[in-house]
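The values are calculated or read from the model by the stated rules, or taken from the named source; none is laboratory data. Keep in mind it's a predicted model, so treat the numbers as computed, not measured. Accessible surface areas use protein heavy atoms only, side chains included; no ligands, DNA or RNA. Shrake-Rupley method; radii C 1.70, N 1.55, O 1.52, S 1.80 Å.
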Amino acid sequence: RLEGVDVSVLAAERLADGAAATRLDLCPPPYIELAVPPMPESDVADLLRSRFGPEVGRSQLRRVFEASAGNPLYAVELGRALSALSALSATSAGPITTEPLPVPDRLRHLLAARVGSLPSKDRPALLVVAAAARPTFSLVDRCGFPAERIGAAVASGVLVADGDEALRFSHPLLREMVYGDATVPARREAHERLAETVPDPVRSEERRVGKECRS
């Protein structure tokens with residue numbers, strides 16, 4: 001029906017990090033394939049302030065940017081949840097910075113299955129990784145959890161091993177969800193383990209946060 005009509009089509013496919021496009025067969029040549037990079041922090045700040053007002057604080061903007069990893073969908077949903085939380089607080093301009101970010105249901109269902117498939121006995125070790133400022137295999141081991149307790153998380157892609165030692169969550173939002181879903185006593189225990197393992201107060205944020213969890 002479009003014969004003789006000059007038409008251009010813009011198509012998008014959401015992919016996991018590093019994955020290749022799978023539906024190029026639906027785009028007849030010639031076509032141009034462009035990877036859409038994460039938004040920089042300044043653009044995320046502009047997006048949130050345009051949606052939720054200029055009163056959004058800098059610390060909130062920073063936390064949303066880090067948790068969303070520049071994904072605009074994640075950033076808007078986190079910003080909406082933070083705005084709702086701030087509206088409920090009559091004593092402060094926003095949520096306490098040491099509190100976990102509220103992960104809204106619209107984002108949770110995208111990620112929960114990956115964490116939910118892990119053995120329950122591995123959750124304390126995973127929480128230590130979420131609570132640590134610079135998690136490593138040896139740090140988790142010194143906290144009382146052998147490497148096999150996080151092996152399933154690495155195998156499933158929830159955690160990524162950078163080199164021989166460093167650990168990180170494959171997406172920062174997974175860290176927020178693991179930490180936020182844990183009970184206060186479980187978070188307190190994770191921070192106490194870390195505080196005992198990393199005694200240097202200059203390098204360890206865990207000791208301070210652990211004390212705040214107890215208050």
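Scaled to the globular estimate 2.2 N^0.38 Å, the Cα spread of the range 122-202, given as radius of gyration, is 0.99. In this structure the amide hydrogen of S170, modeled in the peptide plane, comes within under 5 Å of the amide hydrogens of L159, V160, none closer than 5 places in sequence on its chain. Here the Karplus curve 6.51 cos²θ - 1.76 cosθ + 1.60, taken at θ = phi - 60°, turns the phi angles of the range 137-153 into couplings of 4, 5, 5, 4, 5, 5, 7, x, 10, x, 4, 5, 6, 10, x, 5, 5 Hz, with x standing for Gly and Pro. Considering only protein heavy atoms and a 1.4 Å probe, what is the carbon-and-sulfur percentage of the accessible area of the range 140-204? Answer for the range 140-204 is 53 percent, counting heavy atoms of protein chains only.
What is the ratio of the Cα radius of gyration of the range 16-61 to 2.2 N^0.38 Å, where N is its residue count, to two decimals?
Compared with the compact-globule rule of thumb, the range 16-61 sits at 1.80.
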